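None of the figures in this text is laboratory data; all of them are computed from the coordinates on show. From a predicted model like this one, the values you see are computed outputs, not experimental measurements. For neighbour counting, all protein chains shown are included, and Cβ atoms are generated from backbone atoms with ideal geometry for every residue, glycine included.
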Amino acid sequence: MTRRAVVVTAVAAEAEAVRVSGDWHVIAGGVGPAAAAAAAADALARGSYDLVISAGIGGGFAEVAPVGSLVVADEIVAADLGAETPDGFVPVTGLGFGTVRHEPPRELANAAAEATGAVLGTILTVSTVTGSAARAETLRRAHPRAAAEAMEGFGVAEAAARAGVPVLEIRAISNPVGPRDREAWRIKDALTALTAAFEVLPAALRS
Ligand SMILES: O=C(O)c1cccc(C(=O)CC[C@H]2O[C@@H](n3cnc4c(=O)[nH]cnc43)[C@H](O)[C@@H]2O)c1
């Protein structure tokens, strides 16, 4: 049976790219984790779903996920939710609060990655796009399994967890994580890759 899924993208161009099968409800919820959480929570309160997917373009850690490739998250991590201290960054969990990590169901993440040819790995959620080699290296050290970064996954995952609905995140890589270089963006190619993924996902994720 086809899953009843809601797909949360950030912007309309991403929503158009994933609205290919007609099987799933697609919303463009806005950029950043707060907008994404609000949009996902709203959708989950209004409809009956058994899967939430955060989808869109993202930055790739080049050794693992080059521009044009796809990444499916086996963990969704809030990379900058915490406190800066003299000894470095401390995640909110180290301060005694909340969570910084959500884990999609393994069988769904595996099936999505296999069907789309995606790399399976950690997708970081950041509120500030990485723009330097130093920041990229800091993230690599803190998250050795990081394959990609984007700005919405953790927000969608928080809403999904609160509603008791499984979550997936899939990113098509539009740019490398690292020094800012707008010439290096390949947004059209990434949107094309996203469409190809969503042509096969509904069948691959049937329950
Ligand atoms: O101005 C810049 O240097 C810059 C570089 C990359 C992305 C942006 C955006 O404003 C796009 C944010 C939007 O797209 C997703 N996205 C795409 N690439 C990345 C990235 O490398 N790091 C984080 N997010 C990225 C993100 O999910 C937003 O929806 C600006």
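Can you put W185, W24 in order, fewest other beta carbons within 10 Å first?
Going from least to most buried by this count: W185, W24.
So if I take the centroid of the Cα atoms in region 1-74 and the same for region 79-144, what is the distance between those two points in Å?
That distance is 17 Å.
Return E158, E183, E75, E152 ranked ascending by Cβ neighbour count within 10 Å, so the fewest neighbours appear first.
So the residues, fewest neighbours to most, are E183, E75, E158, E152.
Say a paramagnetic label sat at a point 7 Å from the Cα of E137, along Cα to Cβ; which residues of region 65-105 have their backbone N under 18 Å from it?
In region 65-105, the label zone of E137 (backbone N under 18 Å from the point 7 Å along Cα→Cβ) covers 88-89.
Could you compute the net charge surrounding R106? Neighbours are other residues with a C-beta less than 11 Å from the C-beta of R106; K and R count +1, D and E count -1.
-4
Can you order the peptides 166-177, 105-116 by their average number of other Cβ atoms within 10 Å per residue, highest first?
Result, highest mean Cβ count within 10 Å first: 166-177, 105-116.
Compute a Gaussian network model of the chain, connecting alpha carbons closer than 10 Å, and tell me which residue from V129, V71, V18 fluctuates the most.
Sorting by GNM fluctuation, first place goes to V129.
Find the relative contact order for region 125-207 and round it to a whole percent, using C-alpha pairs within less than 8 Å whose residues are 6+ positions apart.
Relative contact order for region 125-207 comes out at 31 percent.
Please report, for the Cα atoms of the chain, the Rg to one decimal and the Dmax as a whole number; what are they, in angstrom?
Looking at the chain, its Cα Rg and Dmax stand at 15.8, 53 Å.
With a ≥ b ≥ c taken as the square roots of the eigenvalues of the C-alpha gyration tensor of region 89-139, please select rounded if a/c is under 1.5 and otherwise prolate if a/b is larger than b/c or oblate if it is not?
oblate
Over region 5-204, what is the mean sequence separation of C-alpha contacts under 8 Å (at least six apart), divided by residue count, expressed as relative contact order in percent?
32 percent
Classify region 107-207 as rounded, prolate or oblate from the Cα gyration tensor: take a ≥ b ≥ c as the square roots of its eigenvalues, call it rounded if a/c is under 1.5, otherwise prolate when a/b beats b/c and oblate if not.
Oblate is the answer for region 107-207, as a/c is 1.5 or above yet b/c matches or exceeds a/b.
Helix-only estimate, please: 222 nm mean residue ellipticity of the chain, summing -39500 (n - 2.57) across DSSP H runs of length 4 or more and dividing by its residues, to the nearest 500.
Taking each H run of at least 4 residues, the total per residue is -10500 deg cm²/dmol.
Quick one: compute a quarter of the convex hull surface over the Cα atoms of region 27-88 and quote it in nm².
For region 27-88, averaging the hull's shadow over all directions gives 6.5 nm².
Using the 10 angstrom Cβ neighbour count as an exposure proxy, how do H143, H102 rank, fewest first?
Fewest-to-most ranking of H143, H102: H143, H102.
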